[in-house]
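One structure below.
The values are calculated or read from the model by the stated rules, or taken from the named source; none is laboratory data. The shown structure was predicted, so the numbers you read here are calculated from the model rather than taken from an experiment. Every residue, glycine among them, receives a Cβ derived from its backbone with ideal geometry; neighbour counts consider all protein chains shown. Heavy atoms of the whole protein, side chains included, go into the accessibility calculation; ligands, DNA and RNA do not. Shrake-Rupley method; radii C 1.70, N 1.55, O 1.52, S 1.80 Å.
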Amino acid sequence: MKLIVDNMSCQHCVNTITKAINAIDPKAKVTVDLTKHEVDIEGGTISQEATIAAINDAGFEFVGISY
């Protein structure tokens, strides 16, 4: 699942988002592309709704789905 997330600009943002997602699904592989504002989650069983909630709760803004 690839999500577009606003307000990401540095490695701290990457770490915060990765930690938030892994807190609810430790098996998820999280890859963040700061230039495209994309968060790619693979290999986990986390739902899209839970992922979006974790990102928003971490202080970032979910914008949409990337295809």
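List of remarks:
- Taking amide H atoms as placed 1.01 Å from N in the peptide plane, the amide H of GLY44 lies under 5 Å from those of LYS29, each 5 or more residues away in sequence or on another chain.
- CD proxy at 222 nm, helix term only [per DSSP H run n ≥ 4: -39500 (n - 2.57); per residue of the chain; nearest 500]: -11000 deg cm²/dmol
- Classified by the C-alpha gyration tensor, the chain has a rounded form. Its axis ratio a/c, with a ≥ b ≥ c, is below 1.5.
- For ALA53 and ASP6, the difference between the fully extended length at 0.36 nm per residue and the C-alpha to C-alpha distance is 15.5 nm.
- Ranking ASP40, ASP57 by solvent-accessible area of protein heavy atoms (1.4 Å probe, all protein chains present), from largest to smallest, gives ASP57, ASP40.
- Note on exposure: ILE21, ILE46 ranked by accessible area (1.4 Å probe, complete protein assembly) read ILE46, ILE21, with the most exposed listed first.
- Protein-only accessible surface at a 1.4 angstrom probe places the residues VAL63, VAL14 in the order VAL63, VAL14, largest first.
- Rolling a 1.4 Å probe over the protein chains gives HIS12 an accessible area of about 130 Å².
- Magnitude of the charge dipole for the chain, about its Cα centre and with charges confined to Cβ atoms of Lys, Arg (+1) and Asp, Glu (-1), is about 180 debye.
- The angle between the Cα long axis of helix 11-24 and the main principal axis of the chain comes to about 20°, on a 0 to 90 degree scale.
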